Structures are given as structure tokens and as C-alpha cells.
1. Within the range 558-566, can one find any residue that is under 17 Å from W455 (Cβ atoms), at pLDDT 95 or above, among the acidic types (D, E) and over 27 Å from the mean Cα position of the chain (by Cα)?
2. Specify the residue that is nearest to I400 (Cα to Cα); the eligible residues are those in the range 281-305 that are touching a Ser or Thr at 6+ places or on another chain (Cβ under 8 Å) and outside any loop (DSSP other than H, G, I, E, B).
3. In the range 338-364, how many are small (G, A, S) and under 16 Å from R393 (Cβ atoms)?
4. Please list, ordered by residue number, the strands (runs of 3 or more DSSP E) wholly in the range 122-237 having 2 or more residues that are buried (at least 18 other Cβ atoms within 10 Å of the Cβ) and of a type outside the set (S, T, N, Q).
5. Across the range 394-417, what is the total count of residues that are within 19 Å of P119 (Cα to Cα) and among the polar types (S, T, N, Q)?
6. Report whether or not S172 is among the hydroxyl-bearing types (S, T, Y), more than 30 Å from the chain's Cα centre (by Cα) and within 22 Å of Y234 (Cβ to Cβ).
7. Against the conditions (1) free of Cβ contacts under 8 Å to residues at least 60 places away in the same chain; (2) hydrophobic (A, V, I, L, M, F, W, C); (3) within 30 Å of N425 (Cβ to Cβ), where does F570 fall short? Just the number, please.
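The values are calculated or read from the model by the stated rules, or taken from the named source; none is laboratory data. Note that the structure is predicted; figures quoted are calculated from it, not measured. Please note: Cβ atoms are built from the backbone with ideal geometry, for glycine as well, and neighbour counts cover all protein chains shown.
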Amino acid sequence: EAPDSPGKTNKARSASSVTINASKLCVSTTATKPPRSSAPVDPLKLKALSMGLCKELKILLFKLESAGRQTYNLSELEAKRIPLSKISIENTAAEVIRACNVKGKFKESFLLPAFSVKPNIAVVTPIPREKLNPPTPSIYLESKRDAFSPVLLQFCTDPKNAVTVIRGLAGSLRLNLGLFSTKSLVEANAEHAVEVRTQVQQPADENWDASGSLQTWPCESSRSHTTIAKYAQYQASSFQESLQVDISPHRKHLHTNAGKIIKFGTNIDLSDPKRWKPQLQELLKLPAFMRVESSNNMLSHVGHTILGMNTVQLYMKVPGSRTPGHQENNNFCSVNINIGPGDCEWFAVHEHYWDAINNFCEKHGVDYLTGSWWPVLEDLYSSNIPVYRFIQRPGDLVWINAGTVHWVQAVGWCNNIAWNVGPLNSYQYQLALERFEWNEVKEVKSIVPMIHVSWNVARTIKISDQDTFKMIKHCLIQSMKHIQILRDQLVAAGKKICYQSRVKDEPAYYCNDCDVEVFDLLFVTSENSSKKSYVVHCEDCARAKSPSLAGVVVLEQYRIEELMKTYDSFALVSITF
């Protein structure tokens, strides 16, 4: 559900602090081994030669006959350098590296507009009012076989389909949703942490300001914490109370309770496989593309946990509990199953219109990416923006496609489970990288480290879709260019670069100051000399502190030859049926 608003906190186990292994820091001469020292070495005082791409001069020997004697003539050959502007995914890694002769700041996008696969949804003529509420695609599965049909995957991930409701999925797959009922949760882990959002209950299609006189976009709620057992008690007593005052749990009666203060139990972490073994095993019954983990899911190639994205989160609700408007982190798809017993009401808008919604947020003084907002439907309709609106019943699975803007309100008393998936297709990849770059502009952390993920995918997955392949290959080229140009500039300035290879399960790194992903070349400073703790920065933030990078160790996590090999061996594969 929502990123850092009711619905999802995403504490990626990503890092801005780094452990420096002194024994692994090595000098860069080809014939020497890393210095080994029994005493701990402070990397800030460490001397290291700069590692560079091994360069060689190609020499051809020509045999000459002269006056009956044989002599040899040496002819130097220098490989032809292609201008950087002419480099494309058709070039080899060596050609890319040779072209990287750039002075000064280098900044280019990881995306090529020519590779865009977004559907054309532009509408010149106004949409008639009745068409601004299009019917939501709802699939009724008749058998377990239907759930595993490739047609279902194709339909859900089609760029034209913003959202798909799969009715009665739990029944057709015989999912035991009772494992996620409040009773089962209390029995399994009564003291488990629950984040609570205190909200004002109001009808799903309304959002009043504090005075109650005007409909508005900001939708604030205060945050606190409790346990599953205590929230379960609140959920049950809220239900009992409604029976005593004879209020039906149906939506139409929420009008009578508008203004009531309610509590929404959100972001309950079900990632621990020991604590939640039966629950997590039950979800393995889902088709592969919907599972928390699968080989074709980009989030399974992050290499570390991103809470609520590649792990399951649970939501415990009373009527009126709101997950405000949002797109998922880095525009990833999401899966949401209603456990019941009550319903949820959903609103969804195609990714095509996100910028228009962003403009409304700006106009109303609320931050689109990090703030809490609830769209005023009339504003959307008057701007020609179609809104899907539907009820999710117990056992229904909602598939939110890449980039879809959505917001949700509980109609009755219910629990929901949700997580993200990143199907390896061109639409998902493009939108994830677009948001990665927009986040950098807006100085918001990208919860998914897209450069790190792209290299991991290139190393481990065989891609058969041409559009996806082209986009990933282009991203790798851009990444190599950034690394090599920066590397050359550091070496030319006499800056030492220390190699420290990555270890298993090591998280991706983010700048300690601006939260941008820092890949391969880490600019490390000592945070506290007595504790020997070190923090990672991007180049810009490191130079903002010290233009000459004094007191900064530059750590390199991959040898450039390693990246070149990955790039060259990443090829489009053909699938024969």
C-alpha cells in the first residue's frame, strides 16, 4: 500500500555506513598481492596506488629482408577510439571504456527516450462524464489452472491495464486466509509491533479540511505504536460498539459517523520466516509472478531485504481506515489480498496521469512523493482524468500495475496483506528507472537501488524480450561510463582508489547526505575517529565537504574488468517453444 504513509514503511537494508576491511584494501599494481597486516589499519591514512584498467600497447613485428640479412620493424597499433556520442548498445565494453575521455562533470540519463514503451493514452477531446468512471477489469477464475495461465500474467502486466481485480482467487487456489485472521495473528505473535495511524473517519469519496467546510487534498494522520494483541482488542471492541449502536458496517452508514477518530494498524512486518512460517508457506500457492520471491521478479535480485517490498506486510483495519494516494516505491507493481471479513474500497488512476495529480498536490501544498494526500474526485473529473473505483471483497486479489496511482479505504473490519513485485518486462523496468531519476531530482531516496539491481539481473537472468534487454543494456553502458570517467578523473588528480570487493548479502549503498544510490565507487569518511565508523557519500556531497577530497577514502567494489565482462556476456536470448 502506501510508501511511508498509512500502508507502508520501507526500511530497505540499504546502507550509508560501510565496514572497511583493512586486509582487503589493496594496492593496484598487477604483480603484487594485497598487503596483509595483523594490526588494524585506518583506511583514511592508508597509502594505496590507484588501480586502472590494464592498458597495453599492441605491437606488430614485420620481417624485412635487407642485403641478405633478416631484420624486424616495430609497428605500433592503437585501437581506434569511437567518440562517446556515437557509443550505443552495439558496442563492446572495451569500446565503451576507450571512449570515456571526458574532462569535467559528466551526467547522463540511464534511460534512452527512443526505447520508451509507454502506451499512447493522449486524449485530445474531453472524455464524457460517464466514461470518467471506467469499469475495472475483474477476472473470475474458474479453476486453479486459470490462475497459472500465462494469459493472466499477460493481462495483469499489460501497460494499458492500470489495475486488475482477481475475484475469489483465494477460493480457487484454496488459500487458507484464516492464517492471517486477527485471531491467528494474536496466537502466533501477540507482542509483535504494529504502527498505528490515528485518522478522522469520513466517506471514501470525501476529504474535508479541519474546519469541515471545504474538500481538500492534504490528508494528515498522527503516528504511534502498539502490539498485535492490543490492536486486536481495539478492532474487536470497535466492532462490538457498532453492534450496540446498531450501525451496519456498510459504507452508506459512514456518513453518520463522519468526524469520529479511528485507528488504523499498518506496516506490520511479516518478514521473519521463523515467526510466520505457516503464513509465508501458504503464499507459495500463488502463481509465480505474484509470489513474494521468484526468479523473474526484479525485487528477488536486490540481494537484501526491503521491508514491505520483497517481504509481506499486514494491515489491520476498522471502517474508514485510509491508505492515502501514492504510486508504489520506484513504480513497482503490487499485490494486495483482502483477508476479510469486511470489504475495502479502491480508487486507481493510470500512470499516464501521475504528473497531473502531482500538479494538484503542489497546488494544495502537499508533497506528491512524501506527503499524505487524498484526491478530490471532482478535481480529477474536471481535468479529464478517468478513475477506476471498485470494491475488494474477502479473498479478492488486487494487482496494481507498474506506476498506477491508487488510494484505499476500509469499508468494514478487515485485514489485508500486501507486497511488491517487479516483473521483468520493459514497461516495469522503464517506469522504475524513470522514478529512480525523478527521485534524485526531488532528493527522495529510491527504495530500490536500480543500478545495483540492473547489474545483478544482467549477471543472473537470461532476457528474451528485446525492449527489456535494450533498456537494461543501455543502463549498464551509462553506469560503466559514469564509473570510468569518474575513475579516470580521480586518478588524474592523484587520488588513491582502494579496492574492497563486496561480500555476500552486503546491502546497496546510498549517500549519507543526499540519499542517492552510490554504486561501485564509494566516497568514505570517518564519522567518528575513536569508534572507527565510516559513512558513504556520493562524489558531489564528498566534494561539498572537501573539494580536494582530503580525508576521503575512495573504495572500489568491482574491478572495471569485472563489469566489462558482465556487460559483454549480457546478450539477448531467443526462446524456442
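1. Yes, because at least one residue in the range 558-566 is under 17 Å from W455 (Cβ atoms), at pLDDT 95 or above, among the acidic types (D, E) and over 27 Å from the mean Cα position of the chain (by Cα).
2. F289
3. Qualifying residue count, the range 338-364: 2.
4. Here the list reads 163-167, 193-200.
5. Number satisfying all stated conditions: 2.
6. no
7. Unmet for F570, out of (1) free of Cβ contacts under 8 Å to residues at least 60 places away in the same chain; (2) hydrophobic (A, V, I, L, M, F, W, C); (3) within 30 Å of N425 (Cβ to Cβ): (1).
One line per residue, one yes/no per condition, for (1) buried (at least 21 other Cβ atoms within 10 Å of the Cβ); (2) small (G, A, S):
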{"residue": "P375", "(1), (2)": "yes, no"}
{"residue": "Y381", "(1), (2)": "no, no"}
{"residue": "R389", "(1), (2)": "no, no"}
{"residue": "Q392", "(1), (2)": "yes, no"}
{"residue": "Y429", "(1), (2)": "yes, no"}
{"residue": "A432", "(1), (2)": "yes, yes"}
{"residue": "N439", "(1), (2)": "yes, no"}
{"residue": "V444", "(1), (2)": "no, no"}
{"residue": "D465", "(1), (2)": "no, no"}
